[in-house]
Amino acid sequence: MPWRRRRNRVSALEGGREEEAPLEVAAVPSALLTSPQQTEAVAERILLRGIFEIGRDSCDVVLSERALRWRPIQPERPAGDSKYDLLCKEEFIELKDIFSVKLKRRCSVKQQRSGTLLGITLFICLKKEQNKLKNSTLDLINLSEDHCDVWFRQFKKILAVMEYEGHALSLLKECELQGFDGGHRKPLFAIHWSVQRLFTGMQTLEPSVVCVGGDGSASEVAHALLLRAQKNAGMETDRILTPVRAQLPLGLIPAGSTNVLAHSLHGVPHVITATLHIIMGHVQLVDVCTFSTAGKLLRFGFSAMFGFGGRTLALAEKYRWMSPNQRRDFAVVKALAKLKAEDCEISFLPFNSSDDVQERRAQGSPKSDCNDQWQMIQGQFLNVSIMAIPCLCSVAPRGLAPNTRLNNGSMALIIARNTSRPEFIKHLKRYASVKNQFNFPFVETYTVEEVKVHPRNNTGGYNPEEEEEETASENCFPWNVDGDLMEVASEVHIRLHPRLISLYGGSMEEINDSKVTCNCF
C-alpha cells in the first residue's frame, strides 16, 4: 500500500481529536462482545477508545484497565456471515505483558532529534517454547499528534510504577559488595533501570539490583543484599538466627559456566528470558540458607556440597588458567581418580510441614525446640549435598535436587555413602538422564530444615606426601557453596530461612498462562 494512500486512510478514520471513553461499561458496544473473554472484559473500566491502523487494517481499539483490545473495521455485511466473523475476530494483549511504550517517528537526515509522527510502538513480552520468553512490538499507527499524545500519556501512566529514581542507589550506597568478592571475580551489578540498554525501549518497573554473571557472582550479591538488610534492621551480622528479608529484589542474567541459580529460576539458562523476567517484574520469594560455624555466620547461600563436590571445586580453583568447562571436566576426572570418603557425623532436623509449626517459624520463633527431633547418622560419606533450590544445570536437566522447590520451606539432604568408584560414577551419570539418580543402595535422601556436618578427622583432605595434589588448606575441609570455595576447619551448621529474598524469575505456570493472542507479529 503506498504511504500517501495509507496516510489518507488513517486521517479519515481518526475523526479529529481523540476523546477519552466514558467510565460506564456501556462504552463497549454489544457487537464487540462475542466471546467469554470479551464478556468478562465488560466489567473492566474503559480508559480510552480510538482508531489506529494495526498491520494493514484500520481497527477499533479499546484500552481498559487490564487489556488492550482491537477489532478490524469492516463494511457491514449480513448477520451470520461466518467469513465476516472470522475476519473481524477481536485480538487483545493484557497490559501486564507490555513493558514499554514510545512514540514512533520517521526521521530524515535533516531531522536528527524528531521526525514525522507515525503512531505509538508498544514493547511486549511473549512466551516461546521451553520456558523461553521473547520481546516483540506492536505498532499503533495514527498520524494525529493529539490523538497519539493522549494514548501515549495513558500508557506511560500505566507503566509508571517505580517509587523514585535513586531509591535503589541510596539503599545500596553503603553496601560494599567488593568486600564479598571471592578473590577470583568481581560481580557485575547495576541498578535495574540500566537494563534498558540491553533492548530498545525497555524501561524499569521498580528499584532492584541486577547481577550479570555466574552462580558465584549471583550468590555474592545476594549475600551482600541480605547483610545490608540485617545492618539496616540494626541486627548483629556475626550471629543470625532469624534474618530479615532483603529490601531489594535481585535479577540474575546468566553469564557463567553452569548458571544453576538462573536455570532454576527461569527453567532455562537464556539471557533474553532472564532479562524479560526482570523487566516484566516476574518476582518470587526464594528460600535461603545460612552457613555458620561455632555460632558465627560464614555466609548466605542456596546450595552446598561437601566431600566429592567440595574437593572437585578446590581442584578446579587451582587451574583457573583453563577455560571454565576444561577445568571443570579436568577437576571431575582428577577427583574421581583420587576418590576418598570422609568420616563424618551428620545431624539433621526433618522438615515438619504442619501449619502451626510453619506459622510459629514464620513469626521468627527459633526453629529448634523440645518438640523438634534431631536425627543423627555416622559413617564414611563420598558426597553430601544440601540444597534449598532444585539446582538445574546442563549436566542435570532435572536438577541435582529435583524434589525440592524454590520456596517450599525445606532443603534436600542427599548423602552418598562410601562405595566403589564404578558405582559412584553410575550415580553421577544418572543426573544427565531422566532416570532416578537416587535409586542406589548407597544413596540416601532426606527433606530437612537444618543440617550439621561434623567431620571426625582433622586432616582436611591434606596429604603431606602429595603436596601437589592437596585440595584444601591444612586442617580445613573444602565446601562448594553456590560455586564458590569455602574452607572450614570444623562443623558447619546449615539453617533454612523461608522466602528470605526476592528473585526475578516468576512462576513458570503463571507465565505459561499469558493471554497474548495477537497474531500480527
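The values are calculated or read from the model by the stated rules, or taken from the named source; none is laboratory data. Computed from a predicted model, the values in this text were never measured in an experiment. Reconstructed Cβ throughout: ideal geometry from the backbone, glycine too, with neighbour counts over all protein chains shown. These accessible areas exclude ligands, DNA and RNA; they are computed on the full protein's heavy atoms, side chains included. Shrake-Rupley method; radii C 1.70, N 1.55, O 1.52, S 1.80 Å.
Separation of region 230-247 from region 248-287 is 25 Å, based on Cα centroids.
Summing Lys and Arg as +1 and Asp and Glu as -1 over all other residues whose Cβ lies under 9 Å from the Cβ of Leu285 gives a net charge of +1. The order of His282, His454, His223 by accessible area, most exposed first and with a 1.4 Å probe, is His454, His282, His223. Accessible area per residue for region 208-316 is 27 Å², calculated with a 1.4 Å probe on protein heavy atoms, without ligands, DNA or RNA. Which of the residue pairs Lys318/Lys452; Lys340/Lys435; Lys96/Lys156; Lys132/Lys156; Lys134/Lys156 have a Cα-Cα distance greater than 18 Å in the structure shown? Violating the 18 Å limit, Cα to Cα: Lys318/Lys452; Lys340/Lys435; Lys132/Lys156; Lys134/Lys156.
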